[in-house]
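The values are calculated or read from the model by the stated rules, or taken from the named source; none is laboratory data. Keep in mind that what you see is a predicted model, and the values were worked out from it rather than measured. Don't worry about glycine lacking a Cβ; one is built from the backbone with ideal geometry, like all the others, and counts go over all protein chains shown. Accessible surface areas use protein heavy atoms only, side chains included; no ligands, DNA or RNA. Shrake-Rupley method; radii C 1.70, N 1.55, O 1.52, S 1.80 Å.
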Amino acid sequence: MDNVKVLINGFDWAWPDAVRQIFKARSVELLAVKRADEALNVLQQRRIHTAIVDMDSKILNGLSMIKIIRSSFPLLPCILLADGAEEKLLSMALELDVFSVMNKPVDMQLLQNQLHRLFVKRYNSNLFYS
């Protein structure tokens, strides 16, 4: 796959720098947004392959961001990160057709495995195979 783009939110912690390590070797472009309008702008102007969304972002809550994504791009695969995935959150994520919910702190190997599953299932690509 060429020109793979991943959208993320959440600048409240070192998340963008941490996840770049997974993407750098694979030539995946990471597009980080803080606000809903930025997310919509990126989604409308570029082909995004997946979104990794921080539930606990202070600026743009993860479920709010996924709802924004779903309103215009209902089939875009999303991975949700949360500080403790309780039943209510898991139920809401299921309703929004979230591909995966992962606990924070994020285990980067587990994230890479989830990305591999997603890209094989959705794009028939081994891009994230370790």
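Here are the numbers for this structure:
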read-out	value
Qualifying trypsin sites (Lys or Arg not before Pro) in the range 79-130, DSSP loop, other Cβ atoms within 10 Å at most 16	none
Cleavage-rule hits, GluC sites (Glu not before Pro), the range 37-130, DSSP coil, Cβ neighbours within 10 Å at most 14	E86
Of F23, V98, N124, farthest towards positive along the dipole that unit charges on Lys, Arg, Asp, Glu beta carbons give the range 11-130	N124
Charge dipole magnitude, Cβ of K and R +1, D and E -1 - the chain, Cα centre, debye nearest 20	440 debye
Computed over the chain, the ratio Rg/Rh where both radii use C-alpha atoms and Rh is Kirkwood	0.92
Accessible surface, the chain, averaged per residue in Å² (probe 1.4 Å)	54 Å²
The chain: most fluctuating residue of I48, I59, I69 per GNM, C-alpha cutoff 10 Å	I59
Accessible carbon and sulfur surface of the chain relative to its total accessible area, %, 1.4 Å	48 percent
FRET efficiency, V120 to D2 (Cβ-Cβ, R0 22 Å, nearest 0.05)	0.80
Within the chain, longest stretch clear of exposed chymotrypsin sites (Phe, Trp or Tyr not before Pro) (DSSP loop, no more than 15 other Cβ within 10 Å)	14-128
Normalised contact order of the chain, rounded percent, pairs of Cα under 8 Å and 6 or more residues apart	22 percent
